[in-house]
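A.B. asks: Encoded as structure tokens, here's the structure I'll be asking about.
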Amino acid sequence: MSETEEQQARAVARRVFAALSTKWALRVLEEIGDGERRFGELYRSIEGVSYKMLTETLRSLEREGLVARRDHHTANPRVEYSLTPAGDELLRLVHGMCAWSRAHLAELM
């Protein structure tokens, strides 16, 4: 990997980490990780999130390539969200980090 490619990879990683560090991002990824979900389903399943914050979070995750938005273009608006392959892999990494923290809980506390 060239130095330029390494710099680009680091910049992308920083953007993704910033997107994940928001209050709702991981919760949204978890919910979508269970399968394709509509906006209303997500809103009802994530206690405390506002419409505005859910919309902003979904847009941010979509912009980073972690979530895919599929608009069915029907008379009654129907949009579904799913994880992209990158989002699915990232969620598995997050679950791995959770397993790591459980394994080292005594050391980390």
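The values are calculated or read from the model by the stated rules, or taken from the named source; none is laboratory data. Quantities reported herein were computed from a predicted structural model and do not represent experimental measurements. Please note: Cβ atoms are built from the backbone with ideal geometry, for glycine as well, and neighbour counts cover all protein chains shown. When the accessible area is computed, the model is the full protein with side chains, heavy atoms only, and any ligands, DNA or RNA have been set aside. Shrake-Rupley method; radii C 1.70, N 1.55, O 1.52, S 1.80 Å.
A.B. asks: Using a 7 Å offset from the Cα along the Cα-to-Cβ direction at both residue 106 and residue 20, what is the distance between the two label points in nm, to one decimal?
C.D. replies: Label at residue 106, label at residue 20, 2.8 nm between them.
A.B. asks: Springs between alpha-carbon atoms under 10 Å, Gaussian network over the chain: tell me which of 74, 57, 22 tops the mean-square fluctuations.
C.D. replies: Fluctuation is largest for 74.
A.B. asks: Near the amide H of residue 67, under 5 Å away, which other amide H atoms are found, from residues 5 or more places off or on another chain, if H is placed in the peptide plane?
C.D. replies: 62, 84
A.B. asks: Quick one: 3J(HN,Hα) in Hz for the stretch 92-109, Karplus 6.51/-1.76/1.60 with θ = phi - 60°, rounded, Gly and Pro as x.
C.D. replies: 3J(HN,Hα) across the stretch 92-109, in whole Hz: 5, 5, 4, 4, x, 5, 5, 5, 4, 5, 5, 5, 10, 4, 4, 5, 8, 7.
A.B. asks: Continuing with this model, one more query. In a GNM of the chain with a 10 Å cut-off on Cα contacts, which of 93, 54, 83 has the highest mean-square fluctuation?
C.D. replies: The residue with the greatest mean-square fluctuation here is 93.
A.B. asks: Residue 74 versus residue 95, label points 7 Å from Cα toward the beta carbon: distance in nm?
C.D. replies: Distance between label points: 2.9 nm.
A.B. asks: Another one. Would you mind telling me the share, in percent, of accessible area of the chain contributed by carbon and sulfur at probe 1.4 angstrom?
C.D. replies: 54 percent
A.B. asks: Which of these, 82, 60, 50, has the largest mean-square fluctuation under a Gaussian network model of the chain (Cα springs below 10 Å)?
C.D. replies: 50
A.B. asks: Based on the Cα atoms of the chain, what semi-axes does the equivalent ellipsoid have, where each is the square root of 5 times one gyration tensor eigenvalue, given in whole Å with the largest first?
C.D. replies: That gives 27, 20, 12 Å for the three semi-axes.
A.B. asks: Still on this structure, please answer the following. Could you state the accessible area per residue of the chain in Å², with a 1.4 Å probe and every protein chain left in place?
C.D. replies: Computed with neighbouring chains in place, this is 70 Å² per residue.
A.B. asks: Collect residues whose amide H, placed 1.01 Å from N in the peptide plane, falls under 5 Å from the amide H of residue 38; neighbours closer than 5 in sequence don't count.
C.D. replies: Excluding prolines and chain starts, which carry no amide H, the hits are 81.
A.B. asks: Follow-up. Report the Cα centroid-to-centroid distance between the stretch 19-56 and the stretch 80-108 in angstrom, as an integer.
C.D. replies: Cα centroid to Cα centroid, the span is 16 Å.
A.B. asks: Normalising by the residue count of the chain, find the relative contact order in percent from Cα pairs under 8 Å and 6+ residues apart.
C.D. replies: Here the relative contact order equals 25 percent.
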